[in-house]
Structures are given as structure tokens and as C-alpha cells.
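Read through the structure below, which is laid out as C-alpha cells, and then see the notes.
The values are calculated or read from the model by the stated rules, or taken from the named source; none is laboratory data. Remember, predicted model here, so these are calculated numbers, not experimental data. Neighbour counts run over all protein chains shown; Cβ positions are idealised from the backbone, glycine included. Only protein heavy atoms, including side chains, enter the accessible area calculation; ligands, DNA and RNA are left aside. Shrake-Rupley method; radii C 1.70, N 1.55, O 1.52, S 1.80 Å.
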Amino acid sequence: MSGQRQSAFVKVCGLTQERQIDWAVELGYDAVGIVVTPKSKRYCPPERAVELAAYARGRIPVFAVALTLAETAAVAEHVDVVQIYEQADIPNLALASGTPPEKPEALRYFFYDASAGSGVFADIPAWVGEVPGKVVIAGGLDEHNVAGVIEEFGPYGVDVSSSVETAPGVKSREKMAAFVAAARTPGRASGRVSGRNSR
């Protein structure tokens with residue numbers, strides 16, 4: 001991957017309300033995520049997820065986020081990308097994992113997320129900076145650490161959820177604004193990975 005991209009792809013996940021989609025569009029986010037796994041605190045039932053996807057259509061790309069492909073069955077045709085934690089033979093797959101993908105060329109995106117949606121930040125292994133394709137780093141990112149992660153690893157993009165909330169599924173426009181501003185701040189350098197992230 002190259003760290004020379006002028007602007008990182010920035011996605012906000014776990015949206016539950018139309019106004020949150022409005023905020024994402026207004027603030028310049030590149031994509032939104034709607035969580036459709038019942039195991040999540042940000043769970044949107046299928047009918048609600050379809051409503052939100054319809055509201056966003058033509059304005060901002062929508063990811064359906066779940067643990068398995070089966071959990072996305074009722075909404076997959078209404079979204080742009082399916083983001084799950086298992087390999088699947090679909091053309092719009094965003095694979096989320098804390099381990100290297102076996103076939104990165106078969107993925108629309110690869111989301112490095114060792115937290116499995118828990119929002120806990122941990123050191124990012126050096127191999128993340130070597131995965132080809134559209135690599136998005138997720139898991140515990142916030143306005144304070146995102147610029148450093150982008151500078152060190154040069155990913156295609158970053159993903160945020162819990163750090164821009166006041167409660168699970170309740171986004172803060174102010175926090176969303178602070179995060180995307182930090183993610184778009186040019187780094188001092190954009191070289192290869194030189195070590196592990198310490199923040």
C-alpha cells in the first residue's frame with residue numbers, strides 16, 4: 001500500500017437514525033455502516049436497516065455490517081457493500097478480521113479489526129501495512145489516535161463507531177466532526193511501517 005493518498009476513506013459505523021446519515025453526508029464521510037447482527041448494541045432490524053439504506057441511497061454508500069453472511073440476507077440487495085467476519089463468495093465483500101486475508105484480491109475491502117466490533121484499541125501489527133488492496137483500519141480509533149494510525153500505516157481508510165457516540169447507537173455530530181477532521185489532517189510523513197503503534 002502507499003501512504004501517499006491525499007485523503008483517507010473515512011467510514012462511520014453503527015448508524016441508527018436518518019439524521020446521523022445527514023450528518024455523515026454533511027461532514028464529508030465516505031460511507032456509513034448499518035449493523036444488522038442481533039448481537040450488537042447498535043443492531044438495526046432488517047426492516048429498519050432497509051429504511052436507512054433507502055434514505056442514504058444516492059447520497060452516501062451503505063455497508064451492511066454483521067458477523068456472518070446469513071445475517072445480511074434480508075438487507076444485502078439494498079446496500080452497496082456487505083461487511084462480515086467470514087469469507088464469502090460475493091462481489092461486494094468487505095472482510096473484517098484480525099488476521100491476514102488469504103485472498104485479498106477477491107475482496108472489495110479488507111477491514112483490519114481485531115476488536116470484533118468492541119471498539120477497543122490495541123497495537124496494530126506491521127503486516128497490516130503490507131496487505132494489498134483497499135485496507136481499512138477499525139477498532140478503537142478516535143480523534144486522538146486516528147491521524148497517527150494513518151501516518152504510520154498508510155491505509156486506504158479508517159472506520160469509527162463507539163468513539164463518536166454518547167451511548168451505543170447514539171452518535172454525536174460534534175464527535176463525528178472531530179474524527180473526520182483528524183482523519184483528514186495531513187501527516188508529517190507517510191513512509192512505510194517502522195514499528196508498532198504505541199497509542
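Tell me, what HN-Hα J-couplings in whole Hz come from the Karplus equation 6.51 cos²θ - 1.76 cosθ + 1.60 at θ = phi - 60° for each residue of the range 59-70, using x for Gly and Pro?
10, 7, x, 10, 9, 8, 10, 7, 7, 10, 4, 4
With the crude spin-label approximation of a point 7 Å out along Cα→Cβ, what separation in nm comes out for K41 versus V170?
1.1
Go ahead and run the numbers for FRET between E105 and Y55, Cβ-Cβ distance against an R0 of 41 Å, rounding to 0.05.
With a Förster radius of 41 Å, E is 0.80.
Only Cα pairs within less than 10 Å get springs; with that Gaussian network setup on the chain, which residue of E130, E165, E174 has the largest fluctuation?
E174
Accessible area per residue, 1.4 Å probe, Å², for the chain: what's the number?
Computed with neighbouring chains in place, this is 46 Å² per residue.
Which percent of the accessible area of the range 1-155 is formed by carbon and sulfur heavy atoms (probe 1.4 angstrom)?
Carbon and sulfur: 51 percent of the exposed surface of the range 1-155.
In debye, nearest 20: dipole of the range 42-133 around its Cα centre with unit charges on the Cβ of K, R (+) and D, E (-)?
Here the range 42-133 has a charge dipole of around 320 debye.
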